[in-house]
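Notes follow once the structure below has been shown.
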Amino acid sequence: MTTVNTPDDRDDTLELLLVTGMSGAGKTAATAALDDIGWFVVDNLPPSLLMDLITRVTDRAELRRVAVVADVRGGVFFGELRGALDLLRENGIEPTVLFLEASDEALVRRFESARRPHPLQDGGRVVEAIEREREELASLRAAADVVVDTSLLNVHQLAARVRASFSGPEVGLRAIIVSFGFKYGLPVDADLVADMRFLPNPHWVPHLRPQSGRDPEVSDYVLAQPGAEQFLDHYDELIAMVSQGYLREGKRFVTIGIGCTGGKHRSVAMSEALAQRLRKQGIETLVVHRDLGRE
């Protein structure tokens, strides 16, 4: 977020969001969601023009939230992005970076379905273009404020994630809790990961097996187990502690992975319970059950 003084000397706030990431990872759907919640979106802007854009919108009171999409489609211009970001920071402007990620398998499937070449394919194999793009974007991904793995998300779920992160003014830390099953892999966009497999598995209780952690009977069973409430007490305190450090370091978004074996019972129930506690702390929290329904 950037604070800019307008010509009439009133203090006003301009939010600058850089949207980037892997080709095919959902930038079109993400920017459509941003547009729906009032962001002014500029797609595929040459990075060298970022400062010019900031200068132009500073005088426009109605443009306080600006999202800029920059990716490898920009070709040679994309290589200017690092320098453009450095120039912004030299002028006291610190953009938030949203990075959209997806697995190789998901990206290949999407390009084959769309029957369009990857921007870096140049007549070669799409998997080789994806690998090259990952290498080019590695530093951006490492520095991103928000990373969203869209491999298993449909456009509606992605839009919900974007709205949860960017729908309102920056008032504090925002959290996304992702329940998941370890047998399906770790969520690659998680900042923190907790393992609920220390709790008894409702899968082995016949009348609970067909239900999920969203059902009160399963939730009550999980939360009644030794260590469940104690874990929530301590994890709640841990997040309260690290949230202050995140905010001091300018990180306003955190993704928390809560896992169990299949992502149906324990992780779901504990994610919902943790979300209730974080909301009481004043942390805006969205819960996403990544693997619910996959069994």
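Taken together, the values in this text are just the output of simple stated rules run on the coordinates, not laboratory data. Only a predicted model underlies this, so the values are computations on that prediction, with no experimental measurement involved. All Cβ positions, even for glycine, are placed from backbone atoms using ideal geometry, and neighbour counts span all protein chains on display.
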Open item on the list: I'd like the distance separating the alpha-carbon centroids of the range 14-55 and the range 259-285, in whole Å.
Closed with: 31
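Give, in whole angstrom and from largest to smallest, the semi-axes √(5λ) of the equivalent ellipsoid of the range 114-249, with λ running over the eigenvalues of the Cα gyration tensor.
Semi-axis lengths for the range 114-249 are 35, 23, 15 Å.
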Open item on the list: To check you understand DSSP bridge types, tell me what percent of the beta bridges within the chain (both residues inside) are antiparallel, rounded to 5.
Closed with: 10
Task: Cβ-defined net charge surrounding Leu45, 12 Å radius [Lys, Arg +1; Asp, Glu -1] - done: -2
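Among the trypsin sites (Lys or Arg not before Pro) within the range 199-295, which fall in a DSSP loop and have no more than 14 other Cβ atoms within 10 Å of their own Cβ?
Arg294
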Task: Structure-based [θ]222 nm, the chain - -39500 (n - 2.57) summed over DSSP H runs of at least 4, per residue, nearest 500 - done: -12000 deg cm²/dmol
TODO: Name the shape class, rounded, prolate or oblate, that the alpha-carbon gyration tensor gives for the range 87-168, where a ≥ b ≥ c are the square roots of its eigenvalues, rounded holds for a/c under 1.5, and otherwise prolate holds if a/b is larger than b/c and oblate otherwise.
DONE: oblate
Task: Overall dimensions of the chain as given by Cα atoms, namely Rg and Dmax in Å - done: 20.8, 69
- [ ] Kindly provide the trypsin sites (Lys or Arg not before Pro) of the range 118-178 that DSSP labels as loop, not H, G, I, E or B, and whose Cβ sees at most 15 other Cβ atoms within 10 Å.
- [x] Arg125
